[in-house]
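J.: Supplied in structure tokens, the structure appears directly below.
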Protein chains: 2
Amino acid sequence: MKIIEELYRKARELTNLNSIMALLQWDQEVMMPSGGGAGRADQFSVLSTLIHQKITAPGLGKILQELSDNPEGLSSADLSLLRVLKREYDKNTKLPEKFVADFSRLTSEALPVWVDARKKNAFKLFQPLLERVITMCRQQADFLGYVDHPYDALLDLYEEGLTTNNLEILFGNLKTELSQLLQQKASEKKPIPENLADMTPMLLKDQVHFSERILAEIGYDFNRGRQDISAHPFTTSLGHSDRRVTNRFRPDSLEFIFSALHEGGHALYEQNIAEKYAETPLDEGVSLGIHESQSRLWENIIGRSHLFWEKQYPLLQESLPEQFQNIDLDDFVRHINRVHPGMIRVEADEVSYNLHVLIRFELERGLMEGTIGAADLPGLWNEKYQHYLGVKVDSDANGVLQDIHWAHGSFGYFPTYTIGNLAAAQIWNTYCQFDPDHRQTLLQGKLDKIRNWLTENIYRHGAFYPPADLLQKVCGEPLNSKYFIDYLKNKPEFSL
Amino acid sequence: MKIIEELYRKARELTNLNSIMALLQWDQEVMMPSGGGAGRADQFSVLSTLIHQKITAPGLGKILQELSDNPEGLSSADLSLLRVLKREYDKNTKLPEKFVADFSRLTSEALPVWVDARKKNAFKLFQPLLERVITMCRQQADFLGYVDHPYDALLDLYEEGLTTNNLEILFGNLKTELSQLLQQKASEKKPIPENLADMTPMLLKDQVHFSERILAEIGYDFNRGRQDISAHPFTTSLGHSDRRVTNRFRPDSLEFIFSALHEGGHALYEQNIAEKYAETPLDEGVSLGIHESQSRLWENIIGRSHLFWEKQYPLLQESLPEQFQNIDLDDFVRHINRVHPGMIRVEADEVSYNLHVLIRFELERGLMEGTIGAADLPGLWNEKYQHYLGVKVDSDANGVLQDIHWAHGSFGYFPTYTIGNLAAAQIWNTYCQFDPDHRQTLLQGKLDKIRNWLTENIYRHGAFYPPADLLQKVCGEPLNSKYFIDYLKNKPEFSL
């Protein structure tokens, strides 16, 4: 067998095992009876050990080295596969097995302590565990290696090539503009339309029905996926033609509409990757940031626009007549674009959102540099919320303890949310140049035109290009926060 | 690490991988979108190759040999694990890899041809493939080895220790008695009660609701399982505390009630295996025959009895009032016990059922001996249906082509259905000696008393005892068809 064929064979095996892992997770979140937890944990453990053995196998390392040393005759797809697998191999082999096991044990221990601390509003309970997590993340950075800043090693785990320096520039441009815009919008204090504030509770079946309709509208293919219910909405890939979304439905919350569009955006990306990449590591979105750009594009830029709802609002009124037949389209669109700075990131509007991320970025950077320690976090957190958002945090539970990420040991993850928001605006700007009639396109609900352009330029490539190269190729320049700021400043829905 | 601990470690890994395999299958039958098929097939292939490598690994063989040679100090559970794993190892290592691959390819090819042949009622289309399947099954028997009869090697795959000679004795006792009883009952030609013949179509949600209620009544634990819909009802184990059932619901068929009880019986067995066997190969029903004895016990012996329904019928009337409030309990019970010989095995009543199996047994035995060939099957099939059941088969589609088993290459499987029926009656007879008030027990719906006895005597042991030893231990004698014949001859519901 030719050595490149051997690489493809190993890649297929790994990809299939990862799809199986995704099924174990999907089933746990969506279907598994409560008693199944202990057994499932052991299934995860057996399968992840197997995957780890395969991705760190010396045989794989040898093949990767040999092909890297002699790349003559390899196609561009071969080279891309080689790059992606080498990155995975390096990430996994750089961390000693004992470290991985210890880290996994520590985060398993930290998770319930964080839950408990948040419940009791007692940061002190979590602090000792968090200190150990921070120490191990710092060690992780050393094992992974970096040039300028230890935090770079962690950022690269989630967004290939992203650095602290990049983020300082991006956030530097954002923070003043966003804080000012936020202050201005917040001072307008638009009221919630009465009919919306006092809405008849929605029935689950009506919500599910609308959610399916709106997913179908944006082009989600139910023959190659399905929608189910879980505690937190997510999108997962169980194979090239099996990309599933979940949602959650509360009788009194419109959140399900935007979760459907958000997860739908992730799923459109994955459903439209070229068939030729099936069962290889190229058959997925290229990075968390670019992935998030697609969920945010469909959720926010398209999904909160007046133009979009001019076409789609009747569907909502049809699916939930009791709730929406007496609500004016303008009221609805104004409501879903309300700017209201608050303590909680996941409830944030488009203007506030990246300020929440900025705060986490500044804290993580300091923790990794060693200029601040775990004990400083509550104070700094509250100070920064006051400074950037003008918000007084009422408790650590609603403050520094609100996110699961640190208990998970995921330092460097938060910034990908902002990368996603910025990239979404920049990509949308490029689309609008391609389609000068984009207002008509939205108004007439020709969403396939948008989806086809995204497929052609982004989706079909899967993980073929590194994220920065892809963005450069699509937009003709590197990531730039200007487009996002312009988008917010000129957003007509804010003036409704 | 002690060598026995190493065996447990390998057993746990294999059991977890088998649970993951079961999840892939469950999801395919119950949840997977249509597009997912090709990817899922590759996931099966990757995982089954991994499992095959592990169960045939020379390292495992060495451990098994060493422990078999030096069993001193092993507990009875250790010895049982050793026996079960050695059996699996032997079964898998005796078949050359090339044979396994060729056989798998052949049956993949045979399956759609069988579907097509059945649709077109054209046995000739299937015959060449079936000839090749028969040849390979004969080779399989040679690879596996046998003492008296090649068919023994195949029977043992599904029911440890079962032989052609055993079956000849069991069926020898059955066939005359059953044919006579069938003739007598069929001649009575009881009509279908008018209200049942002309029933308002049932709503899916009402059927699902009743199915859940009756499962809960017999003691199925929904915290450690769930019920879903699939094309064919089945029970599967995704872990020690995750044993799921499925059912199918047609608006005009009572089948779902008995499928619920049938799968419920399988699931009760698995849900009540002792915790200490979790994540080992002892954590499952010991054989197909003993497993089937539990599904048949709950479906037929308990689930078609007047006493059971005296308590449960109001539940059915409550769940489906439009259909059942005007149907008399006696009419209902008479109807669900109607004896009506027909062409189709899966629709057969309790008297006919084992005659369908007998016919398949006689044909498979002849095919494995080489005394008959594939070309003889349609003629012999129709002859035997006339002889044993008094039924004229109207087409090969409703005759020799009705079952999927031969296209699957599963020769030796059918007899386990009869083993199940016979064992169910024999075990119930033993229970009735333990509980002389068993009529009152059923009448009052004290099903936990029955379930607890079954758990104590059968369920909790999992695969600890070989099937014949288990039956001997429970009933004080080997499998005997007398109890089943007595049960049918004295069944009071036949006289309603």
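J.: Compute the label-point distances linking B:N121 to its equivalents in the other copies; points lie 7 Å from Cα along Cα→Cβ; give nm, one decimal, shortest first.
T.: 7.8
J.: I need to check one value: relative contact order of the stretch A:96-208, counting alpha carbon pairs closer than 8 Å and at least 6 residues apart, in percent. If you can, show how the numbers build up before the last one.
T.: Values: 43 pairs, mean separation 13.0, N = 113.
The normalised contact order for the stretch A:96-208 reaches 12 percent.
J.: For chain A, just the Cα set please: Rg and Dmax, both in angstrom.
T.: According to the Cα coordinates of chain A, Rg and Dmax are 22.9, 70 Å.
J.: Please report B:C137, A:C432 as a ranked list, fewest other C-beta atoms within 10 angstrom at the top and most at the bottom. Let's see the in-between values first.
T.: Numbers: B:C137 22, A:C432 13.
Listed from fewest to most nearby Cβ atoms, that is A:C432, B:C137.
J.: I need B:F234, A:F256 ordered by Cβ neighbour count within 10 Å, fewest first. Walk me through the numbers on the way to the answer.
T.: Details: B:F234 18, A:F256 21.
So the residues, fewest neighbours to most, are B:F234, A:F256.
J.: Only counting other Cβ atoms within 10 Å, I'd like B:K2, B:K449 sorted with the fewest neighbours first.
T.: B:K2, B:K449
J.: Collect residues whose amide H, placed 1.01 Å from N in the peptide plane, falls under 5 Å from the amide H of A:D228; neighbours closer than 5 in sequence don't count.
T.: Here A:V245, A:T246, A:N247 satisfy the definition.
J.: Still on this structure, I have one more. For peptide B:38-49, what's the mean number of Cβ atoms from other chains within 10 Å of each residue's Cβ?
T.: 6
J.: Output the peptides B:277-286, B:194-203, A:168-177 sorted from most to least packed, where packing is the average of other Cβ atoms within 10 Å over each peptide's residues. Kindly include the intermediate steps, with their values, before the conclusion.
T.: Values: B:277-286: 21.7, B:194-203: 13.9, A:168-177: 16.3.
Per-residue Cβ counts within 10 Å, averaged per peptide and sorted highest first, yield B:277-286, A:168-177, B:194-203.
J.: Okay, moving on. Using only the Cα atoms of the protein assembly as shown, construct the convex hull and provide its projected area averaged over every direction, in square nanometres to one decimal. Don't jump to the answer; show the numbers that get you there.
T.: Numbers: hull surface 178.4 nm².
Dividing the Cα hull surface by four gives the mean projection, 44.6 nm².
J.: To continue, here is another question. Would you mind working out the magnitude of the charge dipole of chain A relative to its Cα centre, with +1 at each Lys and Arg C-beta and -1 at each Asp and Glu C-beta, to the nearest 20 Debye? List each step's numbers first, then the result.
T.: Working: 52 positive and 69 negative charges, 66 e Å.
In debye, rounded to 20, chain A gives about 320.
J.: Then there is this: Once Lys and Arg get +1 and Asp and Glu get -1 on their Cβ, which of A:S108, A:Q65, A:L85 lies farthest toward the positive end of the dipole of the stretch A:7-137?
T.: Value: A:S108.
J.: With contacts defined as alpha carbon pairs under 8 Å and 6 or more residues apart, what's the relative contact order of chain A in percent? Show your work: numbers first, answer last.
T.: On the way: 657 pairs, mean separation 102.6, N = 496.
With pairs under 8 Å counted, the relative contact order is 21 percent.
J.: In debye to the nearest 20, how big a dipole does the stretch B:239-299 give about its Cα centre with +1 on each Lys and Arg Cβ and -1 on each Asp and Glu Cβ?
T.: 120
J.: On to the next question. What is the distance, in nm, between label points placed 7 Å from the Cα along the Cα-to-Cβ direction at A:E29 and at A:E477?
T.: Each label point lies 7 Å from its Cα, and together they span 3.6 nm.
J.: Run the dipole for the protein assembly as shown about the Cα centre, Lys and Arg Cβ at +1, Asp and Glu Cβ at -1, nothing else charged, and hand back the magnitude in debye, nearest 20. Don't skip to the end; give the middle numbers.
T.: Details: 104 positive and 138 negative charges, 46 e Å.
Computed about the Cα centre, the dipole is about 220 debye.
J.: Shifting gears a bit: For a Förster distance of 41 Å, can you work out the FRET efficiency between the beta-carbons of B:D469 and B:D376, rounded to the nearest 0.05? Before the final figure, lay out the partial values.
T.: On the way: r = 38 Å, r/R0 = 0.93.
After rounding, the FRET efficiency stands at 0.60.
J.: Taking a virtual spin label 7 Å from the Cα of A:D221 along the C-beta vector, which residues in the stretch B:13-54 bring their backbone nitrogen under 14 Å of it?
T.: Answer for this model: B:33-39.
J.: How many nm is it between the label spots at A:E168 and A:Q444, if each spot is 7 Å from the Cα in line with the beta carbon?
T.: My value for the distance between the label points is 5.0 nm.
J.: Pairs of Cα atoms under 8 Å, at least six residues apart: use those to get the relative contact order of the stretch B:306-453, whole percent. The partial results should precede the final answer.
T.: Working: 102 pairs, mean separation 39.6, N = 148.
The normalised contact order for the stretch B:306-453 reaches 27 percent.
J.: Let me ask another. Karplus couplings for the stretch A:107-120 from phi (6.51 cos²θ - 1.76 cosθ + 1.60, θ = phi - 60°), rounded to Hz, Gly and Pro as x?
T.: Running phi through 6.51 cos²θ - 1.76 cosθ + 1.60 with θ = phi - 60° gives 6, 4, 6, 5, 4, x, 5, 4, 4, 5, 4, 5, 4, 8 Hz.
J.: Let me ask something else. Multiply the residue gap between B:D331 and B:K94 by 0.36 nm, knock off their C-alpha separation, and tell me the result in nm, one decimal place.
T.: 79.9 nm
J.: Return the subset of A:K94/A:K482; A:K205/B:K446; A:K10/A:K94; B:K276/B:K311; B:K175/B:K449 for which the Cα-Cα distance in this structure is over 26 Å, preserving the input order.
T.: Details: A:K94/A:K482 37 Å; A:K205/B:K446 38 Å; A:K10/A:K94 20 Å; B:K276/B:K311 35 Å; B:K175/B:K449 34 Å.
In this structure, A:K94/A:K482; A:K205/B:K446; B:K276/B:K311; B:K175/B:K449 lie more than 26 Å apart at Cα.
J.: Another question, then. Taking a label point 7 Å out from Cα toward Cβ, give me the nm distances from B:S75 to the same spot in the other copies, shortest first, one decimal.
T.: Listed shortest first, these distances are 5.7 nm.
J.: So for the pair A:L111, B:E109, with labels modelled 7 Å out along Cα→Cβ, what separation do we get in nm?
T.: The two pseudo-label positions are separated by 4.8 nm.
J.: What shape does the stretch A:209-276 have by the C-alpha gyration tensor, where a ≥ b ≥ c are the square roots of the eigenvalues, rounded means a/c under 1.5, and otherwise prolate means a/b greater than b/c and oblate the rest? Before the final figure, lay out the partial values.
T.: Details: a/c = 2.37, a/b = 1.85, b/c = 1.28.
Here the stretch A:209-276 falls in the prolate category.
J.: Take the alpha carbon atoms of the stretch B:172-220, find their center, do the same for the stretch B:47-81, and report the distance between the two centers in whole angstrom.
T.: Cα centroid of the stretch B:172-220 versus Cα centroid of the stretch B:47-81: 45 Å apart.
J.: For the stretch A:312-320, what does the Karplus curve 6.51 cos²θ - 1.76 cosθ + 1.60, with θ = phi - 60°, yield as ³J(HN,Hα) per residue in whole Hz, taken in order and with x for Gly and Pro?
T.: Per-residue couplings from phi come out as 8, 4, x, 4, 5, 5, 6, 6, 10 Hz.
J.: Mind checking which of A:T246, B:N326, B:T418 is farthest towards the positive end of the protein assembly as shown's charge dipole, using Cβ charges of +1 (Lys, Arg) and -1 (Asp, Glu) about the Cα centre?
T.: About the Cα centre, the residue reaching furthest to the positive side is B:T418.
J.: Continuing with the same structure: Give a residue-ordered list of calculated ³J(HN,Hα) values for the stretch B:380-393 (Karplus: 6.51 cos²θ - 1.76 cosθ + 1.60, θ = phi - 60°; whole Hz; x for Gly, Pro).
T.: Along the stretch B:380-393, the couplings run 5, 4, 5, 4, 5, 5, 5, 5, 8, 10, x, 10, 8, 7 Hz.
J.: Given the options A:N337, A:F361, A:H291, identify the residue whose Cα lies farthest towards the positive end of the charge dipole of chain A (+1 on Cβ of Lys, Arg; -1 on Cβ of Asp, Glu).
T.: Projecting each Cα onto the dipole axis, the largest value belongs to A:F361.
J.: Place the label 7 angstrom along Cα→C-beta at B:P492 and in each other copy, then list the distances from the first to the rest in nm, shortest first.
T.: 8.1
Read-outs throughout are calculated quantities, based only on the coordinates presented, and are distinct from any laboratory measurement. Keep in mind that what you see is a predicted model, and the values were worked out from it rather than measured. Every residue, glycine as well, gets a Cβ built from its backbone with ideal geometry; the counts of neighbours run over all protein chains shown.
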